[in-house]
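Just below is one structure, and these are the notes that go with it.
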Amino acid sequence: MVEKKFNPEKLAMLNNPERLRLFPITRVVESTKLHRPTHIIDVGAGTGLFSVACAEQFPHARISACDISPAMIAWITENIVSQHSSIVPVHTQESNIPLESESADLLFTVNVHHEFEQPLKNLAEFNRLLIPGGYLVVSDWRKGNSERGPDVSIRYTVEQLADELKHTGFSIHEIFPEVEDNFMLIARKV
């Protein structure tokens, strides 16, 4: 059986600044025209690398850095929060995020979607959290062989993800088919 979840013992890998290319925040801003969000949710935040990038891009926004791993939440609390007070670590269950409904302008995941046990349930939860017209950005490993990343059998195609999004109340806004070994899809809550 292929292991789907990231091993927290490898958390140092998550701090590699090269990973910022997987979620090019400037492209997201250009595509969405989102310039002053008040609340951003990072699902599967890991060590908070992308949360920090959002905090720097949007200094007035509250960033909820969500993760199911207590080790990741502890790492963010110990290493990030003192430097970025707008980042709030949030321990979650996979498809139960203890945040207010319709509170976020933007929600994103980076290399997490393929790990979900019940992806439609997760996407429905994301829909609940976003304001009407809010944006969901998913960057994940492209289906196909590469030297890095998870087993190809658990990866998604853009079409598979787009179909799931349409079934959970999203419309496709823009697709970036190649972002490193990933694709990035921007959807909007209908």
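The values are calculated or read from the model by the stated rules, or taken from the named source; none is laboratory data. No experiment lies behind these values; they were computed from the predicted model shown. Note that each Cβ is placed from the backbone with ideal geometry, even for glycine, and that neighbours are counted across all protein chains shown.
General remarks:
- Test: Ala55 is at pLDDT 95 or above and crowded, with 21+ Cβ neighbours inside 10 Å: yes
- Index of the failed condition, Leu185 passing every other in (1) aliphatic (A, V, I, L, M); (2) farther than 23 Å from Arg21 by Cβ; (3) assigned to a strand (DSSP E or B): (2)
- Pick from segment 63-80, criterion out of contact with any strand residue (DSSP E or B) (no Cβ under 6 Å at 6 or more places or on another chain) and assigned to a loop (DSSP other than H, G, I, E, B), ranking: farthest from Phe170 (Cα to Cα): Ser69
- Considering Ser64, Ser31, Ser82, Ser69, the condition of being among the small types (Gly, Ala, Ser) and without any contact (Cβ under 8 Å) to a residue 40 or more places away in the chain is satisfied by Ser82 alone.
- Looking across segment 142-176, just one residue is surrounded by 19 or more Cβ atoms within 10 Å (Cβ to Cβ) and β-branched (Val, Ile, Thr), and that is Thr168.
- Taken together, Arg21, Arg62 contain a single residue that is closer than 27 Å to Val190 by Cα and surrounded by fewer than 18 Cβ atoms within 10 Å (Cβ to Cβ), which is Arg62.
- Residue within segment 97-120 that is assigned to a helix (DSSP H, G or I) and without any contact (Cβ under 8 Å) to a residue 24 or more places away in the chain present: no
- Looking only at segment 177-190, and only at residues there that are surrounded by fewer than 21 Cβ atoms within 10 Å (Cβ to Cβ) and under 15 Å from the mean Cα position of the chain (by Cα), the one that is modelled with the highest pLDDT: Arg188
- Segment 106-160, residues that are of a type in the set (S, T, N, Q) and at negative phi: Thr109, Gln118, Asn122, Asn127, Ser139, Asn145, Ser146, Ser153, Thr157, Gln160
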